[in-house]
1. For segment 44-76, what are the residues that are on the phi > 0 side of the Ramachandran plot and polar (S, T, N, Q)?
2. Of all the residues that make up segment 26-76, how many are touching a strand residue (DSSP E or B) at 6+ places or on another chain (Cβ under 8 Å), basic (Lys, Arg) and farther than 26 Å from Pro15 by Cβ?
3. Being in contact with a Phe, Trp or Tyr (Cβ under 6 Å, 6 or more places away or on another chain), over 12 Å from Ala68 (Cβ atoms) and either at pLDDT below 95 or outside any helix (DSSP H, G or I) (or both) is the filter here, so list the residues in segment 12-58 that pass it.
4. Select, from Leu26, Leu65, Leu50, the only residue that is touching a residue at least 40 places away in the same chain (Cβ under 8 Å) and touching a helix residue (DSSP H, G or I) at 6+ places or on another chain (Cβ under 9 Å).
Amino acid sequence: MTTPSAAGGREEPTPAALRAATARGLQEQFPGIRVWFGESTGSWWALVPLMSGPALLEAPTPQQLRDAVLNARARG
C-alpha cells in the first residue's frame, strides 16, 4: 500500500505498510517470534518462545521491543 506524495508524485508507504515491514524485519531477526503493532494500544508486541514458556512482551517502539526480546532470551 502506498499513498501519493506531494513531492514529485512519488508514492510513499502508508503507516500500516511501514509497521508491517518493521514487524517482518523483527521476525526475520528473531526467528520463531511473532511481532505486531497493537492498533488499540499503540504499542509494539512480541510473543517470544522461551525454555520457561512463552513470554508476551510490550514496548512503545520497535527498538525497545528488540531490546526486550534480547533481554528475555538472555534470561531464558
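1. None; the set is empty.
2. Of the residues in segment 26-76, 1 are touching a strand residue (DSSP E or B) at 6+ places or on another chain (Cβ under 8 Å), basic (Lys, Arg) and farther than 26 Å from Pro15 by Cβ.
3. The answer is Trp36, Phe37, Gly38.
4. Within the list Leu26, Leu65, Leu50, the selection yields Leu26.
The values are calculated or read from the model by the stated rules, or taken from the named source; none is laboratory data. What you see is a predicted model, and the numbers here were worked out from it, not measured in a lab. Because the Cβ atoms are built from the backbone with ideal geometry, glycine has one as well, and the counts that use them run over all protein chains shown.
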